[in-house]
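These notes concern the structure reproduced below.
The values are calculated or read from the model by the stated rules, or taken from the named source; none is laboratory data. Fair warning: this is a prediction, and the values are worked out from it, not measured in the lab. For neighbour counting, all protein chains shown are included, and Cβ atoms are generated from backbone atoms with ideal geometry for every residue, glycine included. To get the accessible areas, we keep the full protein, side chains included, count just its heavy atoms, and leave off ligands, DNA and RNA. Shrake-Rupley method; radii C 1.70, N 1.55, O 1.52, S 1.80 Å.
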Amino acid sequence: MPAAESPTVAAPAPRRNRHFTAFWASQILSVFGDSFSQLAVPLLVLDLTGSVATAGLLTGVMGTTTVLTGLFAGVVVDRVNRSRLLVGCDVARMLLLAVIPIVTLAAGAPPIWLLFVLLPLASAIGMLFQVAAVTAVRSLVGAAEVTKANGRLYAGTALASLLGPAAAGAISGWIGPPAAIAVDAATFGVSAAFLLLVRLPARTPAAGADPGRTRPWDEFLAGARFLFRHPVLRPLTGLLTVFILLTYGVDDVVVYHLRNGLDQPDGTIGLVLMAGAAGAMTGSLVVAALRKRFGFGACWIGSVAVGGAAVASLSLTGGPVDVAALMGVYFCTTSVAGICSMSLRQEVTPDHLLGRVTSTFWTIHFSLGGVGAAGLTWLAQHHGARLAFVLAGGGALVVAGAALLTPVRRPVIGVSSGVSDSSERKA
């Protein structure tokens, strides 16, 4: 079992921190496997049903499950040993995903209902993992290094995503999508082994807090109260909710557009997603310098605007090279915006509240993602992928414009922008 959380000490820089390095390696392996499922799951659904709307519905159910899990994920993460939780989540996801290739070997093909059971469960466990991972990063490197650490994490995981789709496309085309999902299951097992090497420092409790006397409902609402009292996190949550409603199904529509609209094989689809991962890696490498040079507001708003323009431009594509270039731009901008957003939360939120604030933030802004994915893929199937791209991209541009009217536009945002320590303790 992983070691218990150790006393808090000054954290070394990410590159010299062996615990962060082990955590970083586990994430690379996990995301490498996830890139297989990112391609294999919609391909498997298309093989089984021939319907992109069904693929979108599955994405929607997975998103809804993630949202529901987020209602309690922060309370769990802020109460339990995070090291054990991270390892347990990886082992559980390994076992769930392994069922799909095993059933395929035994029966020839998994029934579609099995995917609607296993994959949402894996998504729920993934939500617990991601909330714990966000708190782990802040604990491992400290607030001063958090943007660099997030950039390094994103760069490594983007590199894994860069290599994964090409391999996933080759494996899916050669021996079928279930084999690609089997690779994803195996990487969760290896990731769990790396996490056994990670020792997280103990949390810093709230001054005067007595967890044993805290009412469960007050504890549950603490993250939401802090979030909605913060002048920047509050509008940022609303803007991201709309952005994800509009774009959550873009990946599925791109796969559908390439296969059904442009008649591309699985291998080519993998290469296109590989180009998107290259864009994400580029964004993660430059985000720290961009934020330092231009500030939070310009980085976040500019990224959303450029990403929206890239999605809308997908409607004009006539071949896989065009799609690959635009996906590279889109993933680059979402990488920059995502790292800026996550780093801000880690910087301004007290350690003992970070799990609850993170889960509340994600629960709210993913709350409409499932509906958006189902609606966007339905639109693509019945009215064409090009219209879906125009609506999703144009909507993202509107979100960027609306952000200019909020405190999100501020170039520098620090702890002083948040609520006072005394008021957050009352939450």
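A few points about this structure:
- The helix-based estimate of mean residue ellipticity at 222 nm for the chain, built from -39,500 (n - 2.57) per DSSP H run of four or more residues and divided by its residue count, is -26500 deg cm²/dmol to the nearest 500.
- Calculated FRET efficiency for the pair PHE228/ALA107, C-beta based, R₀ 51 Å, to 0.05: 0.55
- Surface accessible to a 1.4 Å probe, per residue, for the residues of the chain, Å²: 39
- Each Cα pair under 8 Å and six or more residues apart adds its sequence gap; the mean of these over the residue count of the chain is a relative contact order of 29 percent.
- A simple rule links phi to the HN-Hα coupling: the Karplus curve 6.51 cos²θ - 1.76 cosθ + 1.60 with θ = phi - 60°, which for the range 112-123 gives 4, 5, 5, 5, 6, 9, 6, 5, x, 4, 4, 5 Hz, with x for Gly and Pro.
- Backbone amide hydrogens, once placed in the peptide plane, bring GLN264 within less than 5 Å of ARG259, excluding anything fewer than 5 places away on its chain.
- In this structure, ASP47 and LEU197 have a Cβ-Cβ separation that, at R0 = 60 Å, corresponds to a calculated FRET efficiency of about 0.95.
- The value of relative contact order for the range 8-164, using C-alpha pairs under 8 Å at least six residues apart, is 43 percent.
- Separation in nanometres of the label points that stand 7 Å from Cα toward Cβ, at LEU221 and VAL321: 5.9
- Per-residue SASA entry for MET281, accessible area with 1.4 Å probe, Å² rounded to 10: 50
- Accessible carbon and sulfur surface of the chain relative to its total accessible area, %, 1.4 Å: 69
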